[in-house]
Amino acid sequence: MATVDVTREHNLGKEEARVRAQKLADKLAQKLDAKCSWEGDDLNFKRSGADGCIEVREDTIRVTVKLGLMLTPMAGMVKGEIDKALDKYLA
């Protein structure tokens, strides 16, 4: 089992960062068939073989993804996709 952990700083403020995290979650739900739900300022997502959390704070967003055994070899690719998505949604 592998864990991908990416933290990014932003200057959007918490509310705008939440809006953008929701857009990212909508994309995840569509592309990966993930189920997403908010718990406070944390957006949790789950799908077969992977689960994680997008933590929205005033000046940072942290994405953690736990990959199951079958997806562990793809950890590098998953990290790259998270980096690209954060570049897009936090711009």
Between helix 14-32 and the chain: long-axis angle, C-alpha atoms, 0 to 90°, nearest 10: 30 degrees
Degrees, to the nearest 10: 75-89 long Cα axis against longest axis of the chain: 20 degrees
Proximal lysines relative to Lys46, as straight alpha-carbon distance under 17 Å, when same-chain residues fewer than 8 apart are discounted: Lys23, Lys27, Lys31, Lys35, Lys66, Lys79
For the chain, what are the per-bin percents of Cα-Cα distances with bins 10 Å wide, up to the bin holding the maximum? 18, 55, 25, 2
Using alpha carbon centers only, the range 51-80 is separated from the range 1-18 by a whole-angstrom value of 10 Å
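Read the figures in this text as sums done on the coordinates, not as results from a lab. Source: prediction; values computed, not measured.
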